[in-house]
Amino acid sequence: MKALYIEKENTVYLKDVEVPQPQPDELLIKVAASGFCGSDIHILKGGHVQKYPVIPGHEFSGVVEAVGSKVMNFKVGDRVSADPNVFCENCDACKSNHQIHCKNLSVLGSLRDGAFAEYVTVPERCAFHIGDLDFIQASMAEPLGCVINSHNKYEIPIGSTVLIMGAGTIGLMQMMLSKKRGAARVVMTDIKETQLEKAKELGADFTVKSEADVEQKLRRIAPEGFDIVIDATGVPKCVEMGIRLVKYAGKMIVFGACPVGSQITVDPFDIYFRDLQIIGSYALEKTLGQAIAMLQSGALDLRPLVGQVVSLEESVQVFRDFADGKTSNKLIVSFFD
């Protein structure tokens, strides 16, 4: 089969590899659609937890091609998506329902081969039926599951004002879900005009370009600060600014992945005196089913977030363009005509 193959740091190309064989508890899935994620850039550049060589890709959907001898709830022909985080379910973290902190965690696309390939294997416990949900949206259930995981950690008061820094795919999902949960106003920032235009199109109440005076402009919109601030940039200076812009008794959600070892400067008295909450949220944790349910019901429609749909043959150049910041909106590799 053909696969997108990261041989080593900054070295990616298409390669013919053997079709993986499912273990007794695994499904072999013929991939239909697979989406690029910001973490794929970190994996390409060596800034993530990864092994080399590796086939990237952890946001995907497809059709069951074969099942292992111990698989109970799936059959050949089932349309599926999967949680890319393979938990052991035996360590202390798993036993306390914090599987994303599993001591033996294996992740598709970074620590085991992923879904930028014609076929991928996953344990049955990670797979989900998607019914008649279209493959493109189903491939986006994983990032939506990450967003839902963050929202499960806090309330959005009815009528609140929310600031989301970063209007990429994740930031736009954060905005759509914040609106669903009761935010009266959602304000979005980004460095790209195209992303801000998309945010406005999808329902953002205010958009502000991230320039030198961005903080002053945001304070004019919300003089007392924002009830909820969500960072979807992974830029430490944005996190610092976000904390300054949280309203008294408000919440700062650190969602974007800042570089390992980066630092921010925060006055702890400010956190204490203004009664702030700073909440971290990493990946998804048993929330893929919630994401699929939202998409199947039509409560959220992620199709407007899609920028390009390309073939596997085009994926190498698209991946490089994505890593260089030359693309907009969600990038999907489609394996079906």
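Of all residues in region 90-104, which are surrounded by 12 or more Cβ atoms within 10 Å (Cβ to Cβ) and either among the aromatic types (F, W, Y) or part of a loop (DSSP other than H, G, I, E, B) (or both)?
Answer for region 90-104, where residues must be surrounded by 12 or more Cβ atoms within 10 Å (Cβ to Cβ) and either among the aromatic types (F, W, Y) or part of a loop (DSSP other than H, G, I, E, B) (or both): C91, H98, C102, N104.
Which residue is nearest to I243 (Cα to Cα), if the candidates are limited to region 179-226 and must be charged (D, E, K, R) and either part of a loop (DSSP other than H, G, I, E, B) or not assigned by TED's automatic domain parsing to the domain that holds L163 (or both)?
Among residues in region 179-226 that are charged (D, E, K, R) and either part of a loop (DSSP other than H, G, I, E, B) or not assigned by TED's automatic domain parsing to the domain that holds L163 (or both), the one nearest to I243 (Cα to Cα) is E224.
Within the bounds of region 153-175, is there any residue that is surrounded by fewer than 22 Cβ atoms within 10 Å (Cβ to Cβ) and part of a helix (DSSP H, G or I)?
no
Taking region 25-74 on its own, how many of its residues are under 21 Å from K330 (Cβ atoms) and either outside the structural domain of G289 (by TED's automatic domain parsing) or among the hydroxyl-bearing types (S, T, Y) (or both)?
3
Any residue at all in region 285-304 that is of a type in the set (S, T, Y), at pLDDT 95 or above, out of contact with any strand residue (DSSP E or B) (no Cβ under 8 Å at 6 or more places or on another chain) and surrounded by fewer than 17 Cβ atoms within 10 Å (Cβ to Cβ)? Working first, answer last.
Step one: of region 285-304, the residues of a type in the set (S, T, Y) are 287, 297.
Pick out the ones that are also at pLDDT 95 or above and you get 287, 297.
Okay, now just the ones that are also out of contact with any strand residue (DSSP E or B) (no Cβ under 8 Å at 6 or more places or on another chain), so 287, 297.
Then drop every residue that is not surrounded by fewer than 17 Cβ atoms within 10 Å (Cβ to Cβ), which leaves 297.
Taking every residue of region 285-304 in turn, at least one turns out to be of a type in the set (S, T, Y), at pLDDT 95 or above, out of contact with any strand residue (DSSP E or B) (no Cβ under 8 Å at 6 or more places or on another chain) and surrounded by fewer than 17 Cβ atoms within 10 Å (Cβ to Cβ).
Could you check Y282 against (1) in a strand (DSSP E or B); (2) of a type outside the set (A, V, I, L, M, F, W, C); (3) within 27 Å of F36 (Cβ to Cβ) and say which number it fails?
(1)
Could you please let me know if T327 is more than 23 Å from A82 (Cα to Cα), of a type in the set (S, T, N, Q) and surrounded by 21 or more Cβ atoms within 10 Å (Cβ to Cβ)?
no
Among the residues of region 284-337, what is the count of those that are among the β-branched types (V, I, T), closer than 20 Å to A141 by Cα and touching a residue at least 60 places away in the same chain (Cβ under 8 Å)?
So the answer is 6.
The values are calculated or read from the model by the stated rules, or taken from the named source; none is laboratory data. The shown structure was predicted, so the numbers you read here are calculated from the model rather than taken from an experiment. Here Cβ is always computed from backbone atoms with ideal geometry, including for glycine, and neighbour counts include all displayed protein chains.
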